[in-house]
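Participant: Can you keep this structure in mind? I'll have questions shortly.
Bear in mind these aren't lab numbers, they're just calculated from the coordinates by the rules spelled out. Small disclaimer: the values here were computed from a predicted structure and weren't measured. Don't worry about glycine lacking a Cβ; one is built from the backbone with ideal geometry, like all the others, and counts go over all protein chains shown.
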Amino acid sequence: MASIDVNAGPQPNDAVSVFEHHRSELRRQRLGMNILFIGAFLLALGLSIWVSRFYPDRLAAGLPRIFEYFGTIMPNLQFDLLFEGRGADGRAVPGSLTFWYSDFNVYIRLIVETIFMALTATILGATAAFLLCFPASRNLAPNSFIYIVSRRFMEICRGVPEILYALVFVFAIGIGPLAGVLAIAIHSAGALGKLFSEVNENASMRPVEGIRGVGGNWFEEIRYGVVPQVMPNFVSYTLLRFEINVRASSIVGFVGAGGIGAELNRVISLYSDDRVVAVLLLVVITVTLIDLLSEQMRTHFIGRENLQ
Amino acid sequence: MLAIKNLTKSFKTRNAVDNISLDIPDGQMVGVIGRSGAGKSTLLRMINRLAEPTGGSIIFDGRDVTALKGRELLEWRANCAMVFQQFNLVGRLNVLTNVLTGRLYHHGLIASMFQVFTPAERAFAIRALDRLGMAHTALQQADTLSGGQMQRVAIARALAQEPKIVLADEPIASLDPMNAKVVMDALRTINREDGIAVICNLHTLDTARNYCDRVIGLFEGRVVFDGPPSALTEQAAREIYGAEADEAFSESMTSTTLKPAGTEVPAERLTEADLQQRARAELLAG
Amino acid sequence: MTAMTLQSISSSDIASVRQSHPQAFGSTFSTITRWAIWLSVIFYVIGSLYYFEVYRLLDASGRALNLIAAFFIWEDMGEWQYRQIYIGIAQTLGMAFLGTLLGTLMALFIGFFAARTTMPFVVVRQIVRRILDILRGVDQLVWGLVFVRAVGLGPLAGVLAIAVSDTGTLSKLYSEALENVDRKQVEGIRSTGAGPLKIARYGYLPQVLPIFISQSLYFFESSTRSATILGLVGAGGIGMIIIERFRANLFDQVAFVVLNVLVCIFVIDWLSKKIRARLIGETSH
């Protein structure tokens, strides 16, 4: 280590000046890129505000109305009448829970249908994704043609929202939950398939080579070399997808594809009263319960340590 | 008998294996030595056909192995067991199932997809494990074992294949000296008792001297030594390991202090936490 | 140690191994349980599909084929109103961008209130989390419908719908990221005598910012997809055109619009991959 002579002034190669030089160089390099980034961002922001007419005056006019609307859909519950049953004439007393939820039985039937739709669609979608994900993984695909075809197929399945598929299926096979199930299954197959193949691409290839070394064919390489490694992740993602699909199946009814969605659409579009909150609340409770349940199952299946 | 004729594997700029010809009779224990990158691994992987040769041929019992395709290729791999440096076991399956994968070639697709194995195969696998002193771990998950134990399970898997020849690619390079001895002893016993030829890539001269009937030295893809261990002079060793004439050379230098490449985890693999986080975001996004 | 072959294994050998290693042959109980689980899943799927009237697929094949054909045979392309279509797509992209941006800004703030590591008061944390559950539990389309009722038809309702539902999910993801930070780095900052805001800025933000950005980019892509359907309830964007054309049996135009949206989504996906690689690469190395 050489000592620095303080009196000699800054030297061209002392640590600080070398650092400063390096720093300014680096800043210059980054400046251009950053300006470009910020410029592109501001441009996108400006254009977005313009095309969606997200202007302050419109917002200021709209915001109070939001609260107004939420005020009108709140239930008018009276505490002393809360648990009042139906009267002798079969009418519920206004202000009671029974009055608020007078269509409770209809809602529950639709909620159950919604959950079953999501479950069936998840199983079908996960099965399809399982079959598709191996040819769509770069490290496992038998050849690049199969890889590209299965990849593109999954991307198209995933790229189109469920409800558009539902629209098409309702047109093709008529109104009813089947259209919703198929729509959600197709979208899930794409979304899960993409995630599954990412897990596959991240799996260790050593067991695969081991199986190849003993004379196993492609299917056996997958079955013994890959599946045991990736299965915990697959299960966890499928459960997560189930949570999402419950949400999705609660809205495919908007286009007539079954579930609580049709009722939701009807009450929100036609009424400005407590029925809106009644249905919404049931949906939120269902979704939250399913979330909790599937989280429990995930920790049970793959262990806490795998969920970090 | 295994006959290798003018076997070559070329990459863009160089030949990993350069025109090698060898005859290996049944029941011989062969040690292949040389520096990292001398082509030892490529040679073994080509014999098993995990790597494709670019020239030459491999003849086993009068049959050209290099020309095999489809089902016949799988049959050859089933007959030619491979033991890997990193064991290449399926970590999440139990030890027994790992050994039973040695029988996969003999199974139909449905049976293998549903993990159906016959009682005879199970008994056979347990016996194979027992030969390596590993029967007590049969139901343990493979990734709970130590390296030495895993390698013994891998050898049991090779035994379950009922192989005609065993290839071992650096079987002890990832093991400590104690386990290395156990594994080499096991390979030697299989060679002696079952009369199966064993071709073993080794990093260290002393191991090759102690265990093998015949030593083959590779340097830059070519055979530079082929003979009994007793003929392996210091001059020959210098040539194999490419030591400069004035450089000090000792056999211990070739010993286990030289850790071969490939033991570290590749950098591009994501951690489990990363994967989970990404998946959650992507899934919740719909 | 003796040599042996599979052929030489006799039934007495099997019996003796079975005796010494009974579990190696699999217990009947676990086999039955496994089969029972598989069978019940299969029965459930078949049963539920039957309940959902899966046989209707058979009746619909003619109609479905016509529909598919209509998607692929494009007619009168000169008369399509491209201007209207591309304005719709631009509006969709704008809604997604603005909505995700608003959601991100909200989540940046709310996320800190929902994470165990940054919000010590259990009551506040739980209240924030329950509100987030409600925001997430209601689908974006429902929010769209609600906002249409509140602020009228048009993209403003769509932007608000995207912003609200993204706020719910992103806040949850952000708070999870905050809970998973490396505590040692935070402690290092705390040890220098930094206050809570400085700890957040230097202890937490450098660790979680790449994750935040990456997650917001995912949501931009997904919001683009969901913004295409917000028009179904009148909340602006291309959805209005899609459903209009669909109702008028102009399936070729529907296919054209969807194809265009798909291309946009692929481009966004590709761009965000690049940005993610650049940002994460820069900050973590």
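Participant: Roughly what would the spin-label model give for C:S40 and B:D26, points 7 Å off Cα along C-beta, in nm?
Facilitator: Label at C:S40, label at B:D26, 5.5 nm between them.
Participant: Could you tell me the largest-minus-smallest coordinate of the C-alpha atoms of chain C on each of the three principal axes, in descending order and whole angstroms?
Facilitator: For chain C, the Cα extents along the three principal axes come out at 83, 74, 38 Å.
Participant: Could you give the angle, 0 to 90 degrees to the nearest 10, between helix A:15-51's Cα long axis and the longest principal axis of the Cα atoms of chain A?
Facilitator: With both axes taken from Cα atoms, the answer is about 30 degrees.
Participant: Test of understanding: what is the full-extension gain from A:R53 to A:Q29, defined as 0.36 nm times their sequence separation minus their Cα-Cα distance?
Facilitator: Fully extending the segment from A:R53 to A:Q29 adds 5.0 nm.
Participant: Between C:A194 and C:E53, how many nm apart are label points set 7 Å from Cα along the C-beta direction?
Facilitator: My value for the distance between the label points is 6.2 nm.
Participant: Assuming R0 = 56 Å, can you tell me the calculated FRET efficiency for the pair A:H21 and A:V106, based on Cβ-Cβ distance, to the nearest 0.05? Please report the intermediate quantities before stating the final value.
Facilitator: Working: r = 75 Å, r/R0 = 1.34.
The pair A:H21/A:V106 has a calculated efficiency of 0.15.
Participant: Same structure, new question: Determine the shielding of peptide C:125-136 by partner chains: average, over its residues, the number of Cβ atoms on other chains within 10 angstrom of each Cβ.
Facilitator: That works out to 2 on average.
Participant: Report the local net charge at B:R192: Lys and Arg +1, Asp and Glu -1, summed over other residues whose C-beta lies under 14 Å from its C-beta.
Facilitator: -3
Participant: In addition: Which net charge results for the neighbourhood of C:Q126, defined as the other residues with beta-carbon distances under 14 angstrom from its beta-carbon, given Lys and Arg at +1 and Asp and Glu at -1?
Facilitator: The answer is +4.
Participant: In terms of Cα to Cα distance under 21 Å, which lysines are near enough to B:K69, apart from those fewer than 8 places away along the same chain?
Facilitator: Answer for B:K69, where 21 Å is the Cα cut-off: B:K5, B:K9, B:K164, listed by chain and number.
Participant: How much net charge surrounds C:I189 when only other residues with a Cβ under 14 Å from its Cβ are counted (Lys, Arg +1; Asp, Glu -1)?
Facilitator: That works out to +3.
Participant: How about the range B:41-128: which trypsin sites (Lys or Arg not before Pro) there lie in a loop by DSSP and see at most 13 other Cβ atoms within 10 Å?
Facilitator: B:K69
Participant: Excluding residues on the same chain fewer than 8 positions from B:K181, give the lysines whose Cα lies under 23 Å from its Cα.
Facilitator: B:K40, B:K259
Participant: Using the membrane-span-like helix rule (whole DSSP H runs, Cα extent along the own axis of at least 18 Å, mean Kyte-Doolittle hydropathy at least 1.0), which helices of chain C qualify?
Facilitator: Numbers: long enough: C:28-51 (33 Å, 1.10); C:82-114 (46 Å, 1.36); C:122-137 (22 Å, 0.78); C:155-179 (35 Å, 0.69); C:205-230 (36 Å, 0.70); C:251-284 (48 Å, 1.03).
Within chain C the helices that satisfy the rule are C:28-51, C:82-114, C:251-284.
Participant: Could you work out the helix-only [θ] at 222 nm for chain C, with each DSSP H run of four or more residues adding -39,500 (n - 2.57) and the total divided by the number of residues, to the nearest 500 deg cm²/dmol?
Facilitator: My calculation for chain C gives -25500 deg cm²/dmol from helical runs alone.
Participant: Report, by chain and number, residues whose modeled amide H sits under 5 Å from the one on B:I165, excluding near sequence neighbours (fewer than 5 apart, same chain).
Facilitator: Correct list: B:A81.
Participant: Round to the nearest 0.05 the FRET efficiency obtained for C:I275 and C:Q23 when R0 = 56 Å and r is the Cβ-Cβ distance.
Facilitator: 0.60
Participant: In addition: Over the Cα atoms of the range B:2-254, each weighted equally, I'd like the Debye log10 I(q)/I(0) at q = 0.12, 0.18 Å⁻¹, rounded to two decimals.
Facilitator: For the requested q values the scattering log ratios are -0.71, -1.43.
Participant: Still on this structure, I have one more. Could you pull out the longest piece of chain C with no exposed loop chymotrypsin sites (Phe, Trp or Tyr not before Pro) in it, calling a site exposed if DSSP puts it outside H, G, I, E, B and it has at most 12 other Cβ atoms within 10 Å? Let's see the in-between values first.
Facilitator: On the way: sites that count: C:Y55, C:F121.
Result, exposed sites excluded: C:122-285.
Participant: Normalise the Cα radius of gyration of chain A by 2.2 N^0.38 Å (N = residues in it) and let me know the number.
Facilitator: 1.49
Participant: Under 17 Å Cα to Cα from C:K184, which lysines show up? Leave out anything in the same chain fewer than 8 places away.
Facilitator: Hits, sequence-local ones excluded: C:K198.
Participant: Can you give the calculated 222 nm mean residue ellipticity of chain A, where each DSSP H run of n ≥ 4 adds -39,500 (n - 2.57) and the sum is split over every residue, rounded to the nearest 500 deg cm²/dmol? Please report the intermediate quantities before stating the final value.
Facilitator: On the way: 11 runs with 217 residues, N = 308.
My calculation for chain A gives -24000 deg cm²/dmol from helical runs alone.
Participant: Testing the spin-label approximation: label points 7 Å from Cα along Cα→Cβ at C:F109 and A:I285. State their distance in nm.
Facilitator: 3.2 nm
Participant: While we're here: Would you mind calculating the gained length between C:S10 and C:R247 on full extension (0.36 nm times residue separation, minus the Cα-Cα distance), in nm to one decimal?
Facilitator: Numbers: separation 237, 0.36 × 237 = 85.32 nm, distance 7.27 nm.
Gain on extension, C:S10 to C:R247, equals 78.0 nm.
Participant: Over what distance in Å are the Cα centres of the range C:93-131 and the range B:42-69 separated?
Facilitator: The distance from the Cα centre of the range C:93-131 to that of the range B:42-69 comes to 61 Å.
Participant: I would also like to ask the following. For the protein assembly as shown, report the convex hull volume of the alpha-carbon atoms normalised per residue, in Å³, without decimals.
Facilitator: Output value, Cα hull per residue: 256 Å³.
Participant: Same structure, new question: Using r as the Cβ-Cβ distance of B:D213 and C:K184, and R0 as 60 Å, what FRET efficiency do you calculate, to the nearest 0.05?
Facilitator: With a Förster radius of 60 Å, E is 0.60.
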